[in-house]
Amino acid sequence: MIILGVDPGTAVTGYGVIRVVNNSVSWVDSGVIVTNASAPLPERLLLIYDGIRGKLAEHSPHRVSVEEAFYGKNVHTTLVLGHARGVAMLAAAQHGCEVSEYSPREIKKSVTGNGNAAKEQVEYMVKMLLKPPVEKMRQDAYDALATAMCDFHNMGRKTLLTRKQ
C-alpha cells in the first residue's frame, strides 16, 4: 500500500510518500511544492493542485492523509490554508484515494509519542524511522512524511474498530 501525506500551505506545500508492506514502512518520495508569494491566490492553488496531481499520477497511492488546519489567532491565514487543503483533497478524491485528516497534535503524537513535540523532534523521528536518502529536506516535507506515518498508525486502529462493529 502507498500513502501520500500532505502538509498544506499556500507558500509551501510538503508531500511525503511511504510504502507499507505488512507492518513495515519505507520512504518512497518527499519534497515540496513552492509557489510565488506575490502571485494571485488562484494561480498558487492551481500550482499546488497540479503538483499534488503529479505525485498522485507518479505514485498511485491508495490513501492520502492531509494535516488539518491549525486554528491560530489569524483567521485570514486559517482560511487561506483551508484553500490549499481543499485543492489537495480534491485532487486525491478525483484520483479515487481514501482521504484522512489529522490534527498537528495527532501527527506529532503518532510519530514522537508526544503531541506537543517540537518540529525538530518530528524531523528526527522521521529520519530515524524512514531513513530518507535525501540529505536536506525542508521541514514541510518531513511534516508530510509524518502525516503519512500517522495515517499508517491509525489504519490499524480503524481496522480494529470496524471489525468490532
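Rundown of residues vs (1) more than 13 Å from the chain's Cα centre (by Cα); (2) among the aliphatic types (A, V, I, L, M), yes/no style:
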site: Val12; (1), (2): no, yes
site: Val20; (1), (2): yes, yes
site: Asn23; (1), (2): yes, no
site: Lys55; (1), (2): no, no
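Please find, within segment 127-146, the residue that is farthest from Pro8 (Cα to Cα) out of those that are assigned to a helix (DSSP H, G or I) and free of Cβ contacts under 8 Å to residues at least 24 places away in the same chain.
Met128
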Review point. Is it the case that some residue within segment 41-50 is of a type in the set (D, E, K, R) and within 25 Å of Met155 (Cα to Cα)?
Key: no
Practice item. Please give the number of the condition Ala93 fails out of (1) assigned to a helix (DSSP H, G or I); (2) closer than 15 Å to Gly9 by Cβ. Key: (2)
Check your understanding: Does Gly82 satisfy being at pLDDT below 95 and under 17 Å from Met149 (Cα atoms)?
Key -> no
Exercise for review: Answer yes or no: is there a residue in segment 100-108 that is in contact (Cβ under 8 Å) with a residue 24 or more places away in the chain, surrounded by 18 or more Cβ atoms within 10 Å (Cβ to Cβ), hydroxyl-bearing (Ser, Thr, Tyr) and in a helix (DSSP H, G or I).
Suggested key: no
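The values are calculated or read from the model by the stated rules, or taken from the named source; none is laboratory data. The structure presented is a predicted model; accordingly, all values stated were derived computationally and were not measured. All Cβ positions, even for glycine, are placed from backbone atoms using ideal geometry, and neighbour counts span all protein chains on display.
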